[in-house]
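The structure under discussion appears below in the form of structure tokens.
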Amino acid sequence: MIFAGFAWPLLAAGHINDLWYALPLIVAVSMVYSATRHEAMEAILSGALRIGAWITGFMAFFFVVLFLMSSSL
Amino acid sequence: MAKASANAETNSAALEQIEIDLKDPFLAAFLAWLIPGAGHWYQGRRHKAVLFFVWILGTFVFGLYLGEGRVVYASLRDNDRRLPYLCQIGVGLPALPALVQAARKTPLQFPIYEDFMAPPEVSQIPNQEDELDRLQKRMHRYWEFGTVYTMIAGLLNILAIYDAWGGPAFALAAPEKHKEDDEGDGQDDDKASKGSGG
């Protein structure tokens, strides 16, 4: 309801909560993918951080693009 | 025994060479499929075994929880081909009860443990609401979340299986002295070096 005052229909719709379900998947995918690329734990963790940031950035970019498209329509 | 070595990049960008004994790659790959991380445990790569076990199995179990134990089921019926199961079976043993439940769901037998991983009833009559419709209507988006989580867990385990078979993607060919030592089982070395393609 707080968001309803702002021009954020997507957030106000309550669907934002579903995005949290992406978080464990991003972490799991980053960790497992990085573990298949490296052997040392330190390298795995730093690789996972990099991949996780990349996936998050990728998703955030398309979130903003789709949000702007849906708002302007 | 197959061996591979990996360049592990540390924070200081220094290269640390780690030698990996893949033991029997095919057995390791089979164990990795059966239980996520088991293949790596067999190879003595304990930290990766724990990592794969926790994250892959955790993702699968969480997906199963979201889907109330119904999103993982095997069905090749004409009106319900459960193709996501082809991905879910990637986690191995944890997804196999679905096959048992599918085999037991006959007019003469009933699934065990209620309907856990059992294929839901589907109607042969078009547009008639059946158990699958009711499940999807009740769970709503959690049906999809559960399906996606369990599918991704299975697909991630395929990466882990490949890692158990061929070593990490950044692996290099084993050092010369080891190649000489392992002339007797040179085939395994070839398999190990295939993993160096990444």
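Points worth noting:
- Residue among B:Arg70, B:Arg138 that alone is outside any helix (DSSP H, G or I) and of a type in the set (Lys, Arg): B:Arg70
- Residue under evaluation B:Gln128, criteria (1) farther than 17 Å from B:Leu64 by Cα; (2) at pLDDT 90 or above; (3) not in a helix (DSSP H, G or I), criterion not met: (2)
- Region B:134-161 residues that are away from chain A (no Cβ under 11 Å), paired with ones that are among the charged types (D, E, K, R) (beta carbon under 7 Å, 6 or more apart): B:Leu135/B:Arg70; B:Met139/B:Glu68
- Under the condition of being modelled with pLDDT of 80 or more, away from chain A (no Cβ under 11 Å) and more than 20 Å from the chain's Cα centre (by Cα), the residues counted in region B:1-22 number 1.
- Scan of region B:44-77 for residues that are surrounded by fewer than 17 Cβ atoms within 10 Å (Cβ to Cβ) and under 15 Å from the mean Cα position of the chain (by Cα), ordered by number: B:Val50, B:Val54, B:Gly58, B:Val61
The values are calculated or read from the model by the stated rules, or taken from the named source; none is laboratory data. Note that this is a predicted model, so its numbers are computed, not measured. Methodologically, a virtual Cβ is constructed for each residue, glycine included, from the backbone with ideal geometry; neighbour enumeration extends over all protein chains shown.
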